[in-house]
Amino acid sequence: MVPGRDCRGSPTPTTLTRYPLAASIRRVKTFIAFALALLTVAAHAAPPRLEKQGSTSQLIVDGKPFLILGGELGNSSASSAEYMRPHWPRLKAMHLNTVLAPVEWDLIEPAEGKFDWTSVDELLRDARAHDLKLVILWFGAWKNSMSTYVPSWVKRDQQRFPRVQIANGSSVEILSAFSANTRDADVRAFAAFMEYLKRVDGEKNTVLMVQVENEIGMLPIARERGPVADKLFAAPVPPELLRALTTRGEKVEPELLARWKAQGRKSSGNWGQVFGEDEWGQEVFTAWHYARFVEALVVAGKKRYDIPLYVNVALNRTGRKPGEYPSGGPLPHLLDVWKAGTPTTDMLSPDIYFPNFAQLAARFNRADNALFIPEANNATNSQGPANAFFSFGELDSLGFSPFSIESLGDAPNALSRAYEVLEQLTPLLLEHRGRGHTAGFRATIQEDGTVIDSPVKKSMAGIEFTVTFIDPWTPRDKQTIGDHGGLLIHAGGEDFWIAGQGITITFKGADGGPPLVGIDIAEEGVFDGKGAWKPGRRLNGDQTHQGRHIRLPPGQFQIQKVRLYRYR
Ligand code: DGJ
């Protein structure tokens, strides 16, 4: 008999007509499937956003959390699609998922009010063609303190767009933050860009976030001079800044707190009275006015397209005074000023070129500021991979991105190998970020580059982990301790993921329970493309020093799955 027909060949009644309940269930199922499909489309179309998870924030893209394994292009590369052509596949091969690339005011608005989106279109087209996401850097009024990315019609009209005046009455090629003309022109261009971005990328979500300006900072003095600036410096400190500092109380960043206290912790007064007349007091004034300028851009930008916006900063060397470094940006000691001055900005993000990466990055990981590192030194810096593992494991960074990424040699290289491992760990990192289940390890490095090779300790899940950066089985002169690093993820119960290179870990009880901790099982392996763990060798004997330690040898990034147990 033919299925669906009776013995005479006539159609049999369908299940639906025979069983009304089954029909209803089918209809409900269809409805649910339809609703889910709609939800998926909606989630896909929703713009990228930040969402709180534990002590940090997740970057949500297409409805799912996203971790940025990034690299920032050299300044001029993205201005030519031709120049970039050979680099896109190379960047993809390095396991990057995101490229940080500038969009320049001078290119998009060559004549006032006339926009040319060619550079943006090409960037989006080429990133999409290589399945890469973008973070756009808005090179507007300021780029590395200076104002060289502004269009000619701005650059050449110093009447309308005044420059910063310095003490001797001359000016520098930095636009004044006190000019409403400059602010409004920058706001108009930025808003136009954000509006265009929404139009051409609002469905595709190629662009994850936008950086507003680049490394804002005042040089070669701590604050602008001239009648307008002098008058403002003599004016009262805005009450909203003092209120914000009062609310944070003892949590105000220590340098600013000390200065405020030294001046009598005043709740009113002019800038000199509240923060001091010297360069440090002047820098607070500069920071506030830069932050207010940025706030105008951010508010206008978000009104057109509401995606995460952040501001980056060039850090200052210890012992230098404001003005000797680009001053007044969102530096560690000025974070509270910037938070109060631009409350709509999502993140303040460090560009870290100093060797004491870990300490500097840690200052930007605050309850009110998720860490993102748009410039993690030059891509060729050999400490990059260790810093990446540390940032994700210890500081819940939502992204890591070395600078001038296209100048790095072809994959495989140290960074691509590190990213390959971090890519495999991404689902686990996203699940555990901000929840106290992860840790990162690297040798402490001082600002002058001195590597402190002593072990570090970390307690998690009742176990104290002691991490050594000197590999026990490799000749000392063949090791670069500053490049060693890794991370740990507590998967739950007795299970841990340990990844990185050049670290050796021993264990003991941390909470008064059984003091000894042994390795039940350790295995190396990889996560396949679908996220399933594929074990390689079971590690035992010499590989764990007969159960005494977990070792990730130098020179090869890897993941080990480790089950520990406690005994007396
Ligand atoms: C930091 C800046 O943000 C980048 O645009 C670039 O100029 C690098 N410095 C160069 O080291």
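Computed from the coordinates by the stated procedures, all read-outs in this text should not be read as laboratory data. Just so you know, these numbers come straight off a predicted model, no measurement behind them. Glycine also receives a Cβ, built like all others from the backbone with ideal geometry; neighbour counts cover every protein chain displayed.
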Once Lys and Arg are counted +1 and Asp and Glu -1 for all other residues with Cβ under 12 Å from that of Gly485, the total becomes -1
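Which helices pass in the chain if a helix is a full DSSP H run, must span at least 20 angstrom along its long axis by Cα, and must have mean Kyte-Doolittle hydropathy not below 0.0?
Working: long enough: 20-45 (38 Å, 1.26); 180-201 (30 Å, -0.37); 279-304 (38 Å, -0.20); 414-432 (26 Å, 0.24).
Result, helices passing both filters: 20-45, 414-432.
When a/c is below 1.5 the answer is rounded, else prolate if a/b is larger than b/c, else oblate, so apply that to the range 50-183 with a ≥ b ≥ c taken from the square roots of the Cα gyration tensor eigenvalues. All intermediate terms of the calculation are to be shown ahead of the outcome.
Details: a/c = 2.44, a/b = 1.66, b/c = 1.47.
Judged from the Cα gyration tensor, the range 50-183 comes out prolate (a/c at least 1.5, a/b above b/c).
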Could you pull the Cα extents of the range 216-286 along its three principal axes, largest to smallest, in whole Å?
34, 21, 21
Label model pair Arg538, Ser152: point-to-point distance (7 angstrom along the Cα→beta-carbon line) in nm is 7.4 nm
Where Cα atoms sit under 29 Å apart: lysine pairs in the range 246-365 separated by 8 or more or lying on different chains:
12
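Nearest-5 percent of antiparallel DSSP beta bridges in the chain? The partial results should precede the final answer.
Working: 64 of 95 bridges.
DSSP beta bridges in the chain are roughly 65 percent antiparallel.
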For the range 452-510, what relative contact order do you get, as a whole percent, if you take Cα pairs closer than 8 Å and at least 6 residues apart?
39 percent
Prolate/oblate/rounded call for the range 160-208, Cα gyration tensor, a/c under 1.5 rounded
prolate
In nm, what is the difference between 0.36 nm times the number of residues separating Val526 and Ser171 and their Cα-Cα distance?
122.0 nm
As an exercise, use a Förster radius of 45 Å and the Cβ-Cβ distance of Asp131 and Arg243 to find the FRET efficiency, rounded to the nearest 0.05.
0.45
11 Å cut-off, amide nitrogen to a point 7 angstrom out along Gln273 Cα→Cβ, residues in the range 228-261
235-237
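Multiply the residue gap between Ser459 and Ala81 by 0.36 nm, knock off their C-alpha separation, and tell me the result in nm, one decimal place.
Details: separation 378, 0.36 × 378 = 136.08 nm, distance 4.90 nm.
Gain in length upon complete extension: 131.2 nm.
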Under the rule a/c < 1.5 gives rounded, and otherwise a/b versus b/c splits prolate from oblate, where does the range 248-384 land using the Cα gyration tensor?
oblate
Using the charge dipole of the chain (Lys, Arg: +1 at Cβ; Asp, Glu: -1 at Cβ; taken about the Cα centre), state which of Val451, Leu257, Ser397 has its Cα farthest towards the positive end.
Ser397
Report the label-to-label distance for Asp495 and Ala235 in nanometres (one decimal), using points 7 Å from each Cα along the Cα→Cβ vector.
6.0 nm
In Å, the C-alpha Rg and Dmax of the range 366-405 are 10.2, 32
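Using square roots of five times the C-alpha gyration tensor eigenvalues, list the equivalent-ellipsoid semi-axes of the chain in whole Å, biggest first. Provide the component values of the computation, followed by the final result.
Working: eigenvalues 395, 248, 108 Å².
The answer is 44, 35, 23 Å, longest axis first.
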